[in-house]
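Below is one structure; the comments refer to it alone.
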Amino acid sequence: GKAAADGQVTLTQIVSHPRLWSAELPNLYALSINLKDRHDKVVEQVTRKVGIREISIQNGVFCVNSVPVKLAGICRHDVSATLGSAVNEELWKKDLTLMKAANFNAIRTSHYPYGSGFYDLCDQMGFYVLGEEPFCWVDCSNTNLTQAFAQRAREAVQRDKNHACIVLWGIGNENKPGVNNALAAQITRQMDPTRPQLISCQRADAGTTPVEFDDKHYITPARMHQAELDPRRSQWPMIYSENPNVW
């Protein structure tokens, strides 16, 4: 396609009868894009593996390719006892292999984006990822932080939006309600309307920017059962994105 005056270009490719991506069947396609100059010389080439899949919420049920999915996973930190935070692909593969063996299908990137290679592996091995934007324990009414929230939301979505594994965006971790959460959710929605969102520890309709999931942390089984019976479940699915395994 030819670029518009602002340098943006939209390319459309129809794939007939695609092999859909899911955690159980992580089918991927190779996508290669060439940037050419006015003399038709290739000046840059980008090749990525992409998955074709659709995320939806149907009558309060989270679905992948119109199939109901229950997320059973873990919160993970990108650290190692021997490597600190300078982790590598070997550690990622080890962790993901252990998770597969334990029958996990989902990962929350608590509390920040990881190296982009991690998401490549999740695409290939088949994991559903809650991509968490990096704001943690902040008073979201503090307008001195508003531009930082906006920038981090933009950067997280822009870098990782083409990964099939990311099925849900998480707006921060345990922040106090306020304008910053709402702005980050709004920016995320504008940049990527294809995925649902949660705002950490809030109801979907609690803020000025509605999202798609109710989220709670550290909930007892009795309260989980009570939440399952809540009429809200007909519209908003519930996720417990942080809970101790001893409960």
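Going toward the positive end of the dipole of the chain, with +1 on Lys and Arg Cβ and -1 on Asp and Glu Cβ, which of Thr109, Ser234, Val46 do you reach last?
Val46
Once you have a ≥ b ≥ c as the square roots of the Cα gyration tensor eigenvalues for region 117-229, tell me rounded if a/c is under 1.5, and otherwise prolate or oblate according to whether a/b is larger than b/c.
Because a/c hits 1.5 or more and a/b fails to exceed b/c, region 117-229 counts as oblate.
When a/c is below 1.5 the answer is rounded, else prolate if a/b is larger than b/c, else oblate, so apply that to region 198-247 with a ≥ b ≥ c taken from the square roots of the Cα gyration tensor eigenvalues.
oblate
Among the aspartates and glutamates, which fall within straight-line cross-link reach of Lys93, defined as a Cα-Cα distance under 18 Å, with same-chain neighbours fewer than 8 residues apart omitted?
Reachable aspartates and glutamates: Glu24, Asp78, Asp120, Asp123.
Give the label of the value calculated from the structure for percent of Cα pairs over 35 Å apart, choosing from [x] 21; [y] 18; [z] 11.
[y]
Would you please give the FRET efficiency between Glu174 and Val67, computed as 1/(1 + (r/R0)^6) with r the Cβ-Cβ distance and R0 = 51 Å, to the nearest 0.05?
Approximately 0.95, to the nearest 0.05.
Per residue of the chain, what 222 nm ellipticity follows from adding -39500 (n - 2.57) for every DSSP H run with n ≥ 4, rounded to the nearest 500?
That comes out to -7500 deg cm²/dmol.
For the chain, list the cysteines whose Cβ sits under 4.7 Å from no other cysteine Cβ?
Cys63, Cys75, Cys136, Cys140, Cys201
To the nearest 0.05, what FRET efficiency results for Leu98 and His77 with a Förster distance of 25 Å applied to their C-beta separation?
The value I calculate is 0.95.
Per residue, how large is the accessible surface of region 131-247? Use a 1.4 angstrom probe and give square angstrom.
50 Å²
Go ahead and run the numbers for FRET between Tyr240 and Ser116, Cβ-Cβ distance against an R0 of 22 Å, rounding to 0.05.
Rounded to the nearest 0.05, the efficiency is 0.20.
Does region 30-71 come out rounded, prolate or oblate, given a ≥ b ≥ c as the square roots of the eigenvalues of its C-alpha gyration tensor, rounded meaning a/c under 1.5 and, failing that, prolate meaning a/b above b/c?
Prolate, because a/c is 1.5 or more and a/b exceeds b/c.
Could you check the simple spin-label distance between Asp139 and Val46, using points 7 Å along Cα→Cβ, in nm with one decimal?
For Asp139 paired with Val46, the spin-label model returns 4.0 nm.
In what sequence, largest accessible area first, do Thr194, Thr82 appear using a 1.4 Å probe?
Descending order: Thr82, Thr194.
The values are calculated or read from the model by the stated rules, or taken from the named source; none is laboratory data. What you see is a predicted model, and the numbers here were worked out from it, not measured in a lab. All Cβ positions, even for glycine, are placed from backbone atoms using ideal geometry, and neighbour counts span all protein chains on display. These area figures cover heavy atoms from the full protein model, side chains too; ligands, DNA and RNA do not enter into them. Shrake-Rupley method; radii C 1.70, N 1.55, O 1.52, S 1.80 Å.
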